[in-house]
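Structure record follows, encoded as structure tokens.
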Amino acid sequence: GAGVSQSPRYKVAKRGQDVALRCDPISGHVSLFWYQQALGQGPEFLTYFQNEAQLDKSGLPSDRFFAERPEGSVSTLKIQRTQQEDSAVYLCASSLSTGGIEAFFGQGTRLTVV
Amino acid sequence: GIQVEQSPPDLILQEGANSTLRCNFSDSVNNLQWFHQNPWGQLINLFYIPSGTKQNGRLSATTVATERYSLLYISSSQTTDSGVYFCAVGYSGGGADGLTFGKGTHLIIQP
């Protein structure tokens, strides 16, 4: 596609519910990143894929967070047993290659846990 | 990890004014990007500038990698320039390739 596409744009979840957020990167982009942006803050790195390999998951805040990219294109970020502190905007980015190449961001998914 | 400091945190200007936004970072980087986050939350790419100087219309940016800072210049500000400007840096290697963002500069352009 022309840009990075994320869905849904908005998600309201009850505390304890599992959620799945989808990211469609720019076609042909090797690298895919997930970020979490709390209100009034800058985005914070969660995890990084090179094709289907998850090379860095150091930013995932707990073992309730899980990401996958099984075929090296679309990625899903799953949050199990959501808690109020998980409320944030989740941003996905992709870049053509590796090694410090320009990244392009999707519009994000705003998750609200009630 | 790399620390990123942006200044000023807030800036209020009249339409037509010029502004300079600064980004300091604590370590060597091979990726530096400036973004504008619009009111709908979309991060718009302004510059990919790990070193050197670039210009795009009323905007320009300079990164002095050896001194670990970057500057974003906005000339003849318009109300549509309002929003949050983020600097993000990264160093790829050893399997790591993510960006570290500053806290942003919140710019308000008044008519």
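Summary of computed values
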| quantity | calculated |
| --- | --- |
| Enumeration of residues in the stretch B:10-26 that are over 19 Å from B:A61 (Cβ atoms) and within 13 Å of chain A (Cβ to nearest Cβ) | B:D10 |
| Members of the stretch B:62-86 that are open to solvent by 30 Å² or more (accessible area, probe 1.4 Å) and among the small types (G, A, S) | B:A65, B:S75, B:S76, B:S82 |
| Identity of the residue in the stretch B:36-49, open to solvent by 30 Å² or more (accessible area, probe 1.4 Å) and modelled with pLDDT of 95 or more, that ends up farthest from A:R110 (Cα to Cα) | B:Y48 |
| Tabulated pairs, the stretch B:69-95, first within 14 Å of B:A17 (Cβ to Cβ) and part of a loop (DSSP other than H, G, I, E, B), second among the acidic types (D, E) and at pLDDT 95 or above, C-beta under 9 angstrom, 6+ apart or interchain | B:S76/B:E15; B:S77/B:E15; B:Q78/B:E15 |
| Qualifying residue in the stretch A:71-82 (condition: open to solvent by 40 Å² or more (accessible area, probe 1.4 Å) and part of a strand (DSSP E or B)) | yes |
| Members of the stretch B:13-30 that are within 18 Å of B:G104 (Cα to Cα) and either part of a strand (DSSP E or B) or in contact with a helix residue (DSSP H, G or I) (Cβ under 9 Å, 6 or more places away or on another chain) (or both) | B:L13, B:S19, B:T20, B:L21, B:R22, B:C23, B:N24, B:F25 |
| Residue count, the stretch A:17-31 (criterion: within 14 Å of chain B (Cβ to nearest Cβ) and surrounded by fewer than 20 Cβ atoms within 10 Å (Cβ to Cβ)) | 3 |
| Test result for B:S7, touching a helix residue (DSSP H, G or I) at 6+ places or on another chain (Cβ under 8 Å) and surrounded by fewer than 16 Cβ atoms within 10 Å (Cβ to Cβ) | no |
| B:H106 surrounded by fewer than 22 Cβ atoms within 10 Å (Cβ to Cβ), within 10 Å of another protein chain (Cβ to nearest Cβ) and part of a strand (DSSP E or B) | yes |
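To keep it simple, each residue is scored yes or no on (1) within 14 Å of the chain's Cα centre (by Cα); (2) without any contact (Cβ under 8 Å) to a residue 24 or more places away in the chain; (3) within 8 Å of chain B (Cβ to nearest Cβ); (4) open to solvent by 80 Å² or more (accessible area, probe 1.4 Å).
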site: A:R15; (1), (2), (3), (4): no, no, no, yes
site: A:F33; (1), (2), (3), (4): yes, no, yes, no
site: A:P43; (1), (2), (3), (4): yes, no, yes, no
site: A:E52; (1), (2), (3), (4): no, yes, no, yes
site: A:R110; (1), (2), (3), (4): yes, no, yes, yes
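Residues checked against (1) more than 14 Å from B:V84 (Cα to Cα); (2) over 15 Å from the mean Cα position of the chain (by Cα):
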{"residue": "B:V4", "(1), (2)": "yes, no"}
{"residue": "B:P8", "(1), (2)": "no, no"}
{"residue": "B:L11", "(1), (2)": "no, no"}
{"residue": "B:E15", "(1), (2)": "yes, yes"}
{"residue": "B:L21", "(1), (2)": "no, no"}
{"residue": "B:S26", "(1), (2)": "yes, yes"}
{"residue": "B:V29", "(1), (2)": "yes, no"}
{"residue": "B:H36", "(1), (2)": "no, no"}
{"residue": "B:L43", "(1), (2)": "no, no"}
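The values are calculated or read from the model by the stated rules, or taken from the named source; none is laboratory data. Quick caveat: nothing in here was measured; it's all calculated off a predicted structure. Cβ sites come from the backbone with ideal geometry, for glycine too, and all protein chains shown count toward neighbours. Protein only, heavy atoms only, side chains kept; ligands, DNA and RNA dropped before computing areas. Shrake-Rupley method; radii C 1.70, N 1.55, O 1.52, S 1.80 Å.
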